[in-house]
1. Say R0 is 51 Å: what FRET efficiency, to the nearest 0.05, do residue 341 and residue 50 get from their beta-carbon distance?
2. Please turn the phi angles of region 342-355 into ³J(HN,Hα) values with the Karplus equation 6.51 cos²θ - 1.76 cosθ + 1.60 (θ = phi - 60°), one per residue in order, whole Hz, x for glycine and proline.
3. Taking square-rooted eigenvalues a ≥ b ≥ c of the alpha carbon gyration tensor, is region 379-427 rounded, prolate or oblate, where a/c under 1.5 means rounded and, failing that, a/b exceeding b/c means prolate?
4. Starting from the Cα-Cα distance between residue 224 and residue 362, subtract it from 0.36 nm times their residue separation and give me the gain in nm to one decimal.
5. Under a crude label model (7 Å from the Cα following the beta-carbon direction), how far is residue 25 from residue 350 in nanometres?
6. Rounded to whole Hz and in sequence order, give me ³J(HN,Hα) for region 314-324 from the Karplus expression 6.51 cos²θ - 1.76 cosθ + 1.60, θ = phi - 60°, writing x for Gly and Pro.
7. Please turn the phi angles of region 223-239 into ³J(HN,Hα) values with the Karplus equation 6.51 cos²θ - 1.76 cosθ + 1.60 (θ = phi - 60°), one per residue in order, whole Hz, x for glycine and proline.
8. Any idea how far apart residue 437 and residue 231 come out in nm if each label point goes 7 Å out from Cα toward Cβ?
Amino acid sequence: MAVSDEQKNDFSKGSVAGNILSLAVPMTLAQLINVLYNIVDRIYIGLIPEHATLSMTGLGLCLPIITMVLAFANLFGMGGAPLCSIERGRGDNEEAERIMGNSFFLMILFGVILTIIGLLIKKPMLYLFGASDQTFPYANAYVSVYLLGTIFVMTGLGMNHFINSQGFGTIGMMTVLLGAVTNIILDPLFIFVFGMGVQGAALATILSQALSAAWIIRFLTGRQAILKLRVECMRPDLQHVKNIVALGMSGFTQQITNSIVQVVCNATLQVYGGDLYVGVMTVVNSVREVVTMPVTGVTNSAQPIMGYNYGAGEYGRVKRAIAFESTLTILYTMVVWLLINSFPEFFIRIFNRDADLVAAAVPSMRIYYFGFVFMSLQFAGQAVFVALGKAKRAVFFSIFRKVIIVTPLTLLLPRLAGLGTRGVFAAEPVSNLIGGMACFITMLVTLLPELKEDKKK
């Protein structure tokens, strides 16, 4: 007898590590592919014969805006998907579908709102973020096009969480792959052949995201999905909206606080180092997006397994999942730190080969990634809080690391002992140590006692 998808995706059966890896491999590949949307833009922009560094810096000024859009995608995607996993673990698929429908409605609504607001205030916003008269034209050219595709970006990224939460990791990877391959093909065509520069990079990105979004909706309304996207489930329900937003606040605040830090860093670097160091930070952030991708892939893939087993009362399996995802992410970040510290120039030249920028970026990279391993503790701890529906704690530690630690340090350290630009880059490792340790230890102390024995016993 054929085994149904519902039975195959029962996370209370089989090896916990096997379940996580079965999702982690395709989800990590999907994360890598997803990163390519913006990373490929930066690689191609770095190869523009004229004004490559100014174009790269202009794109870097747009990163806080892009991050804000991702924050709202995470608010509704990462807020709704774990709730769906918990309800599916309880056997209530109808409730899970109502949660998914409400999440989709919120993505469309806020996609429209963000597009309108962004286009209205883009000029003062870019200057606030550290633009100069030289870099503003490039930043404006990119963001004006990118904002027109906000709905596609939010739907493509946000709804893919609901495919992964049902156990269809390979399908989730393929949806992202479809858009990424399209982006890789369109980027050189628009940037170089049609001579559109940074505008071409933005157009390639939003067309690719539109294709991914269409594919995702087609799957979630098709026969293969366990939980289906239904029109009748999209009617907004206040309680569902509250629950989605409450749990999604962790991912949202993580992205929004990232955006705040990017703004503060760019503005401070503009004062102490000028356009060159804003470009350096763009490269540093680009490298970070690539190297943190496996960590987010593992922690995100562990969430459906932890949420499902938590809903099913299988607490022993939840604890094994916590141990596995934590160990894997810690080991990985140790290796990454050694590689970046040993070969910083290799990573920098992927995005920009200007001699002045490379020279400035090498010491900056070594400072920024010092103690990188502690960052994994933040990711692992927050993943557990989100998976088990502990929204308030997840939100607190998002705010604690970025707003309470990084932002003040970014403003203060450059003034101390003449650190200047080095102080901006030093704020990150300090926050990783304090914030990562605080989040992980709190998770162990507060949640492990709750998971002493399975509910079923």
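Each reported figure results from applying straightforward, stated rules to the coordinates on display, with no laboratory input. These numbers come from a predicted model, not from an experiment. All Cβ positions, glycine included, derive from the backbone under ideal geometry; neighbour counts span all protein chains shown.
1. Step by step, r from the Cβ atoms, then E = 0.90.
2. 7, 10, x, 5, 4, 5, 5, 5, 5, 10, 7, 10, 4, 4
3. prolate
4. Gain on stretching residue 224 to residue 362: 44.8 nm.
5. Going from the residue 25 label point to the residue 350 one covers 2.2 nm.
6. For region 314-324, the Karplus-derived couplings read 8, 5, x, 5, 4, 5, 5, 5, 4, 5, 5 Hz, x marking Gly and Pro.
7. Those phi angles translate into 6, 6, 5, 6, 9, 9, 7, 10, 4, 5, 8, 8, 5, x, 10, 4, 5 Hz.
8. 5.7
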